[in-house]
1. What net charge do the residues around ARG46 carry, taking every other residue with its C-beta under 12 Å from that of ARG46, with Lys and Arg at +1 and Asp and Glu at -1?
2. When the dipole is taken about the Cα centre of the chain, and only Lys, Arg (+1) and Asp, Glu (-1) are charged at their Cβ, what size is it in debye, to the nearest 20?
3. Rank ASN20, THR168, VAL101 by how far each Cα sits towards the positive end of the charge dipole of the range 2-243 (+1 on Lys, Arg Cβ; -1 on Asp, Glu Cβ) and give me just the farthest.
4. With a sphere of radius 11 Å drawn around the Cβ of PRO230, what net charge do the other residues whose Cβ falls strictly inside it have (Lys, Arg +1; Asp, Glu -1)?
5. Assuming 1.306 mPa s and 10 °C, estimate D for the chain with Stokes-Einstein, Rh taken as the Kirkwood radius over Cα pairs, in µm²/s.
6. Measuring from a point 7 Å past the Cα of LYS226 along Cα-to-C-beta, which residues in the range 133-155 have an amide N at less than 20 Å?
7. Report D for the range 109-235 in µm² per second (integer): Stokes-Einstein, Kirkwood Rh on Cα pairs, 20 °C, 1.002 mPa s.
8. How fast does the range 68-178 diffuse by Stokes-Einstein, in µm²/s, taking the Kirkwood radius from C-alpha pairs at 25 °C and 0.890 mPa s?
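The numbers here are math on the coordinates, done by the rules we state, and not lab data. Bear in mind the structure is a predicted one, so any value in this text is a computation, not a measurement. With ideal geometry, Cβ positions are generated from the backbone for all residues, glycine too; neighbour counts draw on all protein chains shown.
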Amino acid sequence: MNDLADRFEQDPHMRESFPNRRPKDAASLILIDRTGPVPKVLMGRRHEGHVFLPGKFVFPGGRVDPADRLMPVARGLDKRTEAQLMRRMSQPSAAKARTFVLTALRETFEETGLLIGRKTTKTPKAPAGPWTEFAKANVEVDLSAIRFIARAVTPPRRPRRYDTRFFTADANAIAHRIDGVIGPKAELVELVWMPIAEASKLDLIAITQLVLRDLQAQIDAGFSHKQPVPFYRMLHGKRVRDVL
């Protein structure tokens, strides 16, 4: 693992020295298709014109939006996942833990057109903005099967810094699709489902490779909510891998 962790610390896309900004809270979602003999993950390729990570394959994700905390959920997080999210959290609360997962679901919709949840006969309530698409499609949010896979803070003095929580959801949780989101002028120009071993060979940044490795390790260990969650960060100038 050390070679990948060293790349996370010294990634060429983050090598320049900038003022030491406070990292923004963010979240990403890894969708997993386990219907076949080998699990596959969904990866998206970023547009070459983007300033940040052009052409790289990524998991859908982005920054927390204040509206995310207002989205109602039909079923909440597993209590063990909730507890893991609240560890090493500033002003920990169950509501804040839930918001991180909701951010990952909203960002996944915005970047892929996939609505994660379950169909309902009633129109769910939703705050203004992207969440209204869930209400229009009669999709309610179910967080009970979401797993927390990893957390990583971008090293200091990088142009953009994020404190990102990585989650997983099963592909059967895709309740609705909106076409036309992916394309040559979109943020993600293509989506691919790939086995984890093959996805690791794509054009990725180091932390994405680390998270894929952590995901495979969790699957191999039974993929339960009880497994420890790695936390990558820099502490006193040294790379640290803790567990939550």
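1. -3
2. Charge dipole, the chain, about its Cα centre: 800 debye, nearest 20.
3. Checking the options against the dipole of the range 2-243, the answer is ASN20.
4. For residues surrounding PRO230, the net value is +2.
5. 87
6. Correct set: 144-150.
7. Rounded to a whole number, D works out at 127 µm²/s.
8. 167
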